[in-house]
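Just below is one structure, and these are the notes that go with it.
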Amino acid sequence: MTLPIGLDTNWLVQWAIVESPAHSVVRTQLQSLIAQGEKLALTPQVASEFVHIVTDTSRFARPLSMEEAWTDIEHWWNAPEVVQCFPTAISVQLGWDWMRQHRLGRKRVLDTQLAATFYSHGIDRILTTNARDFTVFGCFTIL
């Protein structure tokens with residue numbers, strides 16, 4: 001059995017926000033992955049960050065309303081092709097260890113914890129529009 005592909009927040013934002021530069025590419029990519037039978041992994045921290053970002057009027061000319069954001073993320077969370085992936089004590093410690101090991105700054109805390117959560121569940125492929133956030137760890141394939 002193939003492990004799911006981890007979803008990064010920025011990829012989901014590109015999927016949801018029509019004005020985003022990669023919107024159509026991400027939508028096409030999703031259709032292709034689903035057609036191939038791929039499963040996707042979603043964490044609570046990505047779901048929460050998604051709602052925070054897509055409703056931000058300072059980032060987008062046409063942000064989602066809170067209701068639209070919650071509808072979208074609940075659809076994702078409960079979709080049959082999505083595996084819910086939760087942080088563990090082991091993944092939290094790994095994230096802290098990686099922060100020190102790679103000498104990462106404060107702006108890298110959330111992505112590092114996300115990477116550690118995926119890694120602790122055996123997930124080694126990530127859908128993101130910012131590969132730099134994950135390549136430093138040397139253990140992920142970026143899609």
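Every number in this text was worked out from the coordinates using simple rules, so none of it is lab data. Because the structure is a prediction, the values reported are computed rather than measured. In this analysis, Cβ positions are derived from the backbone assuming ideal geometry, glycine residues included, and neighbour counts consider all displayed protein chains.
Some points to look at:
- If the segment from residue 31 to residue 52 were pulled out straight at 0.36 nm per residue, it would be longer than the present Cα-Cα gap by 5.1 nm.
- Cβ-based exposure ranking for 99, 66, in which fewest neighbours within 10 Å come first: 66, 99
- In units of the rule-of-thumb radius 2.2 N^0.38 Å, the chain shows an alpha carbon radius of gyration of 1.02.
- Full extension of the chain between residue 19 and residue 107 gives 29.2 nm of extra length, using 0.36 nm per residue less the Cα-Cα distance.
- Take 111-123, 9-21, 49-61 and order them by the average number of nearby Cβ atoms within 10 Å per residue, most first; the result is 111-123, 9-21, 49-61.
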